Structure formats: C-alpha cells, structure tokens
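A.B. asks: Take a look at the following structure, please.
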Amino acid sequence: MNCVIFGAGKIARGFIGHLLYLQNIPFVFVERADALCDLINERGQYTVNILGAPEKNCVVRGARALKFSEEDEIVSAIANADAVFNAVGGKNLEQIIPFYVRGIEQRAKNGGGDINFITCENWKQPADILRRGIEAAISDDVKAFLQEHVGITEAVIMRSAIEADKELLASDPLIVNVQDFWELPIDASRVKGELPPLPEIRAIHEFTGFLERKFYTYNAANGTVSFLGAMLGYEKIADAAHDEWILSILDGVYMETAQALSKKHDFPLDEQLAFTLTSKRKLQDYTIVDFIERNARDPMRKLGPDDRLVGSARLAYSYGILPENLCTAIAAAIFYYNENDEFARQLKDLRTQKGVKYVIKNVCKLDPDGELGCLILVKIDMLKAEGKLHE
C-alpha cells in the first residue's frame, strides 16, 4: 500500500503523514509551495512533537514531496496509489481537481482497482466540491470507472497542529507541535474497497450528523474564544478560555448549539452537552500553546453565513433557540482587527466606510433589520457600553 498527500502543511505533516509513517505506509506529499517542497526533499525528515506527551514524539523519516510543476509524476503517483489525502485548505480545492482527474484517468487506463480520495479540510462539504469538479471534467469513457471504483469521502480533523516556536524551528524548520489526539473519523458510506490500515481510523456511516456535531460544537467554540479573547487582549487560546466572562459566554454557546443539534439529529441533549466538554477541555489545555491570532485569522470567511458563528446562530434560530451568546461572539468578530491580516483589514474598511449593517448584510448574509441582525446590533451596543468593545 502507498498513499499521496496533497498539501504539506501542519495537518498534512503532523497528522496524516505521521499516522501513515507509524504504520510503515509509504507516501509522498504534493505541495504548491516550491520552497517547502525543496525543504522536505533536502532534509528528508521532520519531527512531530506530541504536546503534553513527549514520550510519543516521533521523527518521520524518508519524507519527500512533489511540486505542482511535476505534473506527470503527480499523475503517476495518484494512478498507483491506494488512497489520496488532501489537506490544502478549502479555498484551494479547485486547484487540485485537474490532478485528480488525470490521475483517475491514468488509473482507469492502467486497469487499476479501487481508490479513495479523503478530504481532511476544515470546510463545508469538501468531498462534494471535489466530486462535482471531477465529474464535470472527467472524460466520458472513464465515468463508469469513476462511479464504480473511486471513493471521494471526507474525514474530520480533530487534532490541533501548531507551528513550533522559533528555537525549535531553527533546529528543524519542518517540526510540528500537535495535540495528543489520534482518532480520524471518516465517512464510510462513500468509501470504495478498503481504507489504509490505520488503527486510528473510525469509520462512520451516519456521517452528516457527526460532521455537523463537530463543526457547530468545536468550531463555534473556537470562534467564540478567539474573537472574545482578541477583544479582551489575550494572546493565547488557553488563557482566554479560562477567563470567567468568556467562559460564561462560551457555556451559553455550548447550550445553544447543543439544543439545536439535539433537535436536528435526535441526539440526547445530555449526550451532546457531554460532547461539549471535550471541546472545552481542548480549549483550556495549557499544553496546547495555540495563539488567538492564528485562530481568528480571516474573519471575513469565519463570519460567513454557513461558518462557525453565523452558521451556528442560524441553526439555533431555525429550531426556535434565540442565540444570545453566539450573537455576542459575532459582535466581537465583526470588530476583530489585526493589521497583519489582510482580511481583518478588509473587514475594518467595510465596517468603517459602509457601516456595521452593511457587514451583517453582505458578509454574514443576514437581514440587519431581522431578529438575528438586530440581536447582533444589540450585542455590539452592550459590549461597547461595558467598555469591552472599541472602534
């Protein structure tokens, strides 16, 4: 068995590559950034540090990477792989579709068998994006092979991967610090044949509910702590997650999302609330030295209508739950600013030049005069009155 991993970032190296290496499964990275490819090929190895459990640290040896310009080699690697993972960022999925199409076509021509493409993205329905793109571009004579032998499915990534500090990077510029979490849930309903023999894989057949459960619990909580923490001047996630006021909002967010998810997917509420505790423990874990700047980055996307905060608020509201706490987090996110973040700069420009209502309407895609839009405006006024929010 051998695999291909599109992307060579922290999740690709610090989770997918790490798991494959531990099971002696050969793999190759495919990476857009030429400099990162050169570094991987030059060094041939990198370190994975397990935060809070140094006895589990690992040096991944034999690492290699292909550049996007090496198209024929990439196509050959896909055509001869048993599974292809991608961790490239949801916004970049369209860029890898042409490689997937050519690889599938070459595999069909070679008489290859089943292959699975597994998305490892923090993104909404990434497998559907790939499936639609591949089906639209694949040659007609390969469509039957695609339907019969190609699985396009998705995994949920719940291990945090964090860039190491400057001292560690000086000794190993590819080093990754990761959370001591090992489970890899995968949508089993879309798999063809066999998945790689990784003991960490958890095959789930009712995946939609699980995916939403994770997204609207973990991601909503992360957004809440990140934007409220930034507003109060915290730098690290764990510090913000211990602030008593932020915790009071966070607990409210957990209750709002738990009630909505319980109603939508028939989870027992007590079970869902217990699941929220796993999220809180992660946010409060001081061994995971994670920075608010990284988690709050790109607020324009994170304020989108289906993303962690507005999406969660809409979900709660659709089940008759007024998302008071989620709207407090949205209010903080609308006023998030970091001069080094181009999207935060864009957000500030929209807010100052066109107004908050414009942001609510055009970024959050909410009616600023509707109940949710008005609630966000109330929360903005509340935070300003309390001296927590400033222009």
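The values are calculated or read from the model by the stated rules, or taken from the named source; none is laboratory data. No experiment lies behind these values; they were computed from the predicted model shown. Here Cβ is always computed from backbone atoms with ideal geometry, including for glycine, and neighbour counts include all displayed protein chains.
A.B. asks: Kindly check whether there is at least one residue in segment 344-355 that is crowded, with 18+ Cβ neighbours inside 10 Å and β-branched (Val, Ile, Thr).
C.D. replies: no
A.B. asks: Let me ask you something else. Confirm whether Ala81 is under 27 Å from Lys282 (Cβ atoms), buried (at least 21 other Cβ atoms within 10 Å of the Cβ) and aliphatic (A, V, I, L, M).
C.D. replies: When the stated conditions are applied, Ala81 does not pass them.
A.B. asks: Quick one: which helices (runs of 4 or more DSSP H) sit completely within segment 274-391 and have at least 1 residues that are within 23 Å of Arg213 (Cβ to Cβ), of a type outside the set (Lys, Arg) and out of contact with any Asp or Glu (no Cβ under 9 Å at 6 or more places or on another chain)?
C.D. replies: So the answer is 292-296, 310-318, 324-334, 371-385.
A.B. asks: Can you find even one residue in segment 12-31 that is under 20 Å from Phe181 (Cα atoms), among the polar types (S, T, N, Q) and either in the same structural domain as Pro185 (by TED's automatic domain parsing) or part of a helix (DSSP H, G or I) (or both)?
C.D. replies: Within segment 12-31 (the criterion being under 20 Å from Phe181 (Cα atoms), among the polar types (S, T, N, Q) and either in the same structural domain as Pro185 (by TED's automatic domain parsing) or part of a helix (DSSP H, G or I) (or both)), the answer is yes, since at least one residue qualifies.
A.B. asks: Scan segment 258-270 and give yes if some residue there is over 28 Å from Ile360 (Cβ atoms), outside any helix (DSSP H, G or I) and in contact (Cβ under 8 Å) with a residue 24 or more places away in the chain, otherwise no.
C.D. replies: Yes, there is a match, as at least one residue in segment 258-270 is over 28 Å from Ile360 (Cβ atoms), outside any helix (DSSP H, G or I) and in contact (Cβ under 8 Å) with a residue 24 or more places away in the chain.
A.B. asks: When the residues of segment 230-240 are filtered to those that are of a type outside the set (Asp, Glu) and not in a helix (DSSP H, G or I), which remaining residue is surrounded by the most Cβ atoms within 10 Å (Cβ to Cβ)?
C.D. replies: First, pick out the residues of segment 230-240 that are of a type outside the set (Asp, Glu): 230-234, 236-238, 240.
Restricting the remaining residues to those that are not in a helix (DSSP H, G or I) gives 233-234, 236.
Numbers: Gly233: 8, Tyr234: 20, Lys236: 16.
Looking at residues that are of a type outside the set (Asp, Glu) and not in a helix (DSSP H, G or I), I get Tyr234.
A.B. asks: Same structure, new question: Among the residues of segment 164-175, which ones are closer than 26 Å to Glu200 by Cβ and surrounded by fewer than 17 Cβ atoms within 10 Å (Cβ to Cβ)?
C.D. replies: Of all residues in segment 164-175, those closer than 26 Å to Glu200 by Cβ come to 164, 168, 172, 174-175.
Listed by number, the residues that qualify are Leu168, Asp172.
A.B. asks: Looking at Thr287, Thr257, which is the one that is assigned by TED's automatic domain parsing to the domain that holds Asn222 and modelled with pLDDT of 95 or more?
C.D. replies: Thr257
A.B. asks: Filter segment 94-119 for residues that are crowded, with 20+ Cβ neighbours inside 10 Å and closer than 18 Å to Thr153 by Cα and give the result.
C.D. replies: Across segment 94-119, the qualifying residues are Ile96, Phe99, Tyr100, Val101, Gly103, Ile104, Ile115, Asn116, Phe117, Ile118, Thr119.
A.B. asks: When the residues of segment 282-338 are narrowed to those that are closer than 27 Å to Asp180 by Cβ and in contact with a Lys or Arg (Cβ under 8 Å, 6 or more places away or on another chain), which ends up surrounded by the most Cβ atoms within 10 Å (Cβ to Cβ)?
C.D. replies: Going through the qualifying residues, I end up with Arg308.
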